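*Asks:* Below is a structure I'd like to ask you about.
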Amino acid sequence: MSYSNRVKDLYRNQLSEIQNAGIYKEERFIHSPQAADIEVEFPSGASIKKVINMCSNNYLGLSSHPDVLKAAHEGLEKRGYGMSSVRFICGTQDIHRELENKVTEFLGTEDTILFPSCMDANAGVFEAILTSEDIMISDRLVHASIIDGMRLCSAQHDTFKHSNMEHLEEKLQLHADKRIKLVITDGVFSMDGDLAKLDEMVQLCEKYDAMILVDDSHSSGFIGKTGRGTHEHFNVVGKIDIITTTFGKALGGASGGCVSGRKEIVQMCRQKARPYLFSNTISPVIVAGVLRVFDILSSSTERRDKLEKNAAWWRKGLTEAGFILKEGNSPIVPVMLFNAKLSQDFSKDLYNEGIYAIGFFFPVVTNGQARIRTQISAGHEIHHLEKALNAFIKVGKKYEILGLTKEEIIAKYGI
Ligand SMILES: *Cc1c(COP(=O)(O)O)cnc(C)c1O
């Protein structure tokens, strides 16, 4: 053991650089279950405060739903707490396979393989199905876990400008000679809340003999008429070769993820995907909970319908109040402030008004694109949204930005 002062200083210097840049991340402790109303403690010592949660991925309000809790309890009783094994040794129960089948049916795919998380699904899928003769062509704004997964894969890599179909087509032509071409995108992009143009992408992939992978983590359960995801929204169910998604957001919010799609691709993952082969199986408690989530979603579209209404209400309210939003039709609603410090001050003032929403700035989003990202949930009632809207308006008036154009806000606060 040698943890020298030299090494210690190295880390300390890096940490103070992060702090000085104002991007040091601090956790807040939540003292209640995940819900629309939560109790939050800031580590800086302020007392616990009841606030309305506007920044969780609990889109369908299922994270603490009594039926899901009940199913998880039953799972615990009947199948135990943990499996102490990876899937292929002795970590597969009947309910794991049942969940895989249920996901397949829900997404309208051919087969599904569970992973400990969607991060793991993305870490495993590329290397399992591609070699150095192949090319991955990804949207420039894909999620970090896809970027890491591509790094772990020996295939060649290229990108296209965000949602730019002309550029994607150029890249498909450029790489026409590759053995396998895989186009890669998020279904809903988490920072802007916009949807990938899946209908156009599927057409291009058919024209140029390419496969397509969609990470639907911010869509599964609520985008599309019956909540199947972005492929349902764009009417391309059955045409997406690979869907990766998480159970850690709308689908109960515990953890776990999957790769769902073409049968042979799922089989290849079962043989070769390293997070599947070398990381522990999803706990039976969670499997039982997610199974119930799919029952709830398959029996009624009530929750995704409520979410859609809530999100529309929220967008309309903010727009009429004079805020600038990123356009989109997902429950991710970014309120644009452009200036980094303004986004932090705004967030603090909201918190004092009892509204918990985080300000994002560079490097999480492009420089000069600082914002408060709000996320709407089916767990929100109109009274939550009304209180939140009033707080936004009050703070917006304080900073005198209501009704201003982007240029006017930037002229006032800089970027
Ligand atoms: C959240 C997210 C993930 C990671 O999901 P986990 O199951 O929490 O690992 C992967 N991809 C996208 C697009 C995400 O938004």
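The values are calculated or read from the model by the stated rules, or taken from the named source; none is laboratory data. Source: prediction; values computed, not measured. The accessibility values were calculated without ligands, DNA or RNA, using every heavy atom of the protein model including side chains. Shrake-Rupley method; radii C 1.70, N 1.55, O 1.52, S 1.80 Å.
*Asks:* Which aspartates and glutamates have a Cα lying under 14 Å from the Cα of Lys225, excluding residues fewer than 8 positions away in the same chain?
*Replies:* Those aspartates and glutamates meeting the cut-off are Glu302, Asp305, Glu308.
*Asks:* Here's another thing I want to ask about it. For a 31 Å ceiling on Cα separation, which of these pairs sit above it: Lys8/Lys161; Lys49/Lys394; Lys70/Lys348?
*Replies:* Details: Lys8/Lys161 41 Å; Lys49/Lys394 19 Å; Lys70/Lys348 37 Å.
Listed pairs above 31 Å: Lys8/Lys161; Lys70/Lys348.
*Asks:* Here's another thing I want to ask about it. Mind listing the phi-derived Karplus ³J(HN,Hα) values for segment 214-219, rounded to whole Hz, using 6.51, -1.76 and 1.60 with θ = phi - 60°, and x for any glycine or proline?
*Replies:* 10, 8, 9, 4, 9, 9
*Asks:* May I ask what percent, to the nearest 5, of DSSP beta bridges between residues of the chain are antiparallel? Let's see the in-between values first.
*Replies:* Working: 27 of 46 bridges.
Counting DSSP beta bridges with both partners in the chain, the antiparallel share is about 60 percent.
*Asks:* What's the carbon and sulfur percent of the chain's accessible surface, probe 1.4 angstrom, rounded to a whole number?
*Replies:* 51 percent
*Asks:* Let me ask something else. Per residue of segment 160-175, in order, report the coupling 6.51 cos²θ - 1.76 cosθ + 1.60 (Karplus, θ = phi - 60°) as ³J(HN,Hα) in whole Hz, putting x for Gly and Pro.
*Replies:* These are the phi-based 3J(HN,Hα) values: 10, 4, 3, 6, 9, 6, 5, 5, 4, 4, 4, 5, 5, 5, 4, 9 Hz.
*Asks:* Write down the Å³ per residue value for the convex hull defined by the alpha carbon atoms of the chain.
*Replies:* Details: hull volume 71.7 nm³, N = 415.
Per-residue hull volume (Cα only) is 173 Å³.
*Asks:* Let me ask you something else. If you count the DSSP beta bridges with both ends in segment 112-225, what percent of them are antiparallel, to the nearest 5?
*Replies:* Numbers: 1 of 15 bridges.
Close to 5 percent.
*Asks:* While we're looking at this one, here's another question. What percent do you get for the relative contact order of segment 66-299 when only Cα pairs under 8 Å and 6+ apart count?
*Replies:* On the way: 499 pairs, mean separation 74.8, N = 234.
Answer for segment 66-299 is 32 percent.
*Asks:* Find how many whole Å separate the alpha carbon centroid of segment 294-310 from the alpha carbon centroid of segment 77-144.
*Replies:* The distance from the Cα centre of segment 77-144 to that of segment 294-310 comes to 24 Å.
*Asks:* Separate question: Jot down the radius of gyration and Dmax of segment 66-299, Cα atoms only, both in angstrom.
*Replies:* In Å, with Rg to one decimal and Dmax whole: 17.2, 56.
*Asks:* Any idea what the relative contact order of the chain is, in percent, if you count C-alpha pairs under 8 Å spaced at least 6 apart?
*Replies:* 20 percent
*Asks:* In addition: With a 1.4 Å probe and all protein chains left in place, how much accessible area per residue does the chain have, in Å²? Mind dumping the intermediate values first?
*Replies:* Numbers: 19410 Å² over 415 residues.
Here the residues of the chain average 47 Å² of exposed surface.
*Asks:* Still on this structure, please answer the following. List the aspartates and glutamates whose alpha-carbon lies under 20 Å from that of Lys50, not counting same-chain residues fewer than 8 positions away?
*Replies:* Straight-line reach from Lys50, under 20 Å: Glu26, Glu27, Asp37, Glu39, Glu41, Asp345, Asp349, Glu353, Glu381, Glu386.
*Asks:* For the chain, set up a Gaussian network in which alpha carbons nearer than 10 Å are linked by springs, and say which option among Asn352, Asn13, Asn390 fluctuates the most.
*Replies:* Answer for the Gaussian network model of the chain: Asn13.
*Asks:* Still on this model: Semi-axes of the equivalent ellipsoid for segment 1-91, please: Cα gyration tensor eigenvalues, times 5, square-rooted, ordered largest first, whole Å.
*Replies:* Values: eigenvalues 264, 142, 27 Å².
Semi-axis lengths for segment 1-91 are 36, 27, 12 Å.
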